[in-house]
Every structure is written in structure tokens, then in C-alpha cells.
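J.: One structure, as C-alpha cells, below. Some questions next.
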Amino acid sequence: MANQFGARFKHIRESRGLSQQQLADILGTTKQVLSRYETGLRTPKVSTVVMYARRLNISVGELTGYEESGFETLAEREQLLLNAFRAVPADVQDEILSALRDHQKKRQDRKG
């Protein structure tokens, strides 16, 4: 996986016109770590790959080159909502989640 991941990782970075330092800043890591990934000297943990995919707004499959199977495909509206959610800061995400939980609770209270 290391070589395939490194090649895909570099391709994604270059296709976005980013330097290693710029991508490192986006991902919250260092240029040296990214260089090691791209050259295959280091392989990220699965949790790191998932975090990077989220921050890049791509699927884990797109980042790794492996097709995801066994996962439900999101409907277009769900994907739009997810992309919009990922694009806002954490404090706004917290507000959205709180509003959704409040809405769910009110609906349950009306039923029960």
C-alpha cells in the first residue's frame, strides 16, 4: 500500500497545485512527514488516512486507490449536506449537530 498511497497522495497534492508545505499546513502535519509518505518511506495509520481524506474532502478510496466496498453510497442530497458540513468550522458544525439533536428530540416527544 505504501507505494500506491504515496503516488496517489503526491498526485492529489500536485493536481491541486499545492506544495508539500501548503498541504502539510492543511493536514496539520509537517512537510517532512508528507515527503516520507510520497516516497514510500513511511505509511500512515488508517486513522490518519481517514482524517486526511476528510480534510481533503475526498473518499478514503480516492486517497488510497482502493475501492471501498460494503459501505452504503450516499444519495446526492446527503453528499451535498456532508460536503457543506465539512466546509464549515468546528464551532458551526457543533451548532448544526445541536440543532439536529433538538429537532429529533422534539419529534420523539410529539410521538411519545
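The values are calculated or read from the model by the stated rules, or taken from the named source; none is laboratory data. A quick note: this is a predicted structure, and the numbers were derived from the prediction, not measured. All Cβ positions, even for glycine, are placed from backbone atoms using ideal geometry, and neighbour counts span all protein chains on display.
J.: For Thr73, are the conditions met, namely being of a type in the set (S, T, N, Q), modelled with pLDDT of 90 or more, part of a loop (DSSP other than H, G, I, E, B) and more than 13 Å from the chain's Cα centre (by Cα)?
T.: Values: of a type in the set (S, T, N, Q): yes; modelled with pLDDT of 90 or more: no; part of a loop (DSSP other than H, G, I, E, B): yes; more than 13 Å from the chain's Cα centre (by Cα): yes.
For Thr73, the condition - of a type in the set (S, T, N, Q), modelled with pLDDT of 90 or more, part of a loop (DSSP other than H, G, I, E, B) and more than 13 Å from the chain's Cα centre (by Cα) - is not met.
J.: Does Leu41 satisfy the criteria of being surrounded by 13 or more Cβ atoms within 10 Å (Cβ to Cβ) and either not small (Gly, Ala, Ser) or not in a helix (DSSP H, G or I) (or both)? Break it down into steps so the answer makes sense when it comes.
T.: Numbers: surrounded by 13 or more Cβ atoms within 10 Å (Cβ to Cβ): no; either not small (Gly, Ala, Ser) or not in a helix (DSSP H, G or I) (or both): yes.
Answer is no for this residue.
J.: Consider Leu34 carefully, then state whether it is surrounded by 11 or more Cβ atoms within 10 Å (Cβ to Cβ), in a helix (DSSP H, G or I) and free of Cβ contacts under 8 Å to residues at least 40 places away in the same chain. Step through it out loud before you land on a result.
T.: Values: surrounded by 11 or more Cβ atoms within 10 Å (Cβ to Cβ): yes; in a helix (DSSP H, G or I): yes; free of Cβ contacts under 8 Å to residues at least 40 places away in the same chain: yes.
So Leu34 fits the description; yes.
J.: Kindly indicate which of Ala53, Ala99, Ala24, Ala84 is in a helix (DSSP H, G or I) and either among the polar types (S, T, N, Q) or at pLDDT below 90 (or both). Give the derivation first.
T.: On the way: Ala53 fails: either among the polar types (S, T, N, Q) or at pLDDT below 90 (or both); Ala99 fails: either among the polar types (S, T, N, Q) or at pLDDT below 90 (or both); Ala24 fails: either among the polar types (S, T, N, Q) or at pLDDT below 90 (or both).
After applying the criteria, what remains is Ala84.
J.: For the stretch 1-33, how many residues meet the condition of being over 11 Å from Thr64 (Cα atoms), of a type in the set (A, V, I, L, M) and over 16 Å from the mean Cα position of the chain (by Cα)?
T.: 2
J.: Residue pairs, Cβ under 7 Å, 6 or more apart or interchain, first in the stretch 87-107 and surrounded by 11 or more Cβ atoms within 10 Å (Cβ to Cβ), second at pLDDT below 95. List them.
T.: If the second residue must be at pLDDT below 95, the pairs left are Gln93/Phe85; Ile96/Phe85.
J.: Between a first residue in the stretch 42-55 that is assigned by TED's automatic domain parsing to the domain that holds Thr30 and a second residue that is not β-branched (Val, Ile, Thr), which pairs have beta carbons less than 6 Å apart while being 6 or more apart in sequence or on different chains?
T.: The qualifying pairs are Arg42/Arg36; Thr43/Ala2; Tyr52/Leu27; Ala53/Leu63; Arg55/Leu27.
J.: Right, Val60: in contact with a helix residue (DSSP H, G or I) (Cβ under 8 Å, 6 or more places away or on another chain) and surrounded by 11 or more Cβ atoms within 10 Å (Cβ to Cβ) or not? So that I can check it myself, show each step before the final result.
T.: Details: in contact with a helix residue (DSSP H, G or I) (Cβ under 8 Å, 6 or more places away or on another chain): yes; surrounded by 11 or more Cβ atoms within 10 Å (Cβ to Cβ): yes.
So Val60 fits the description; yes.
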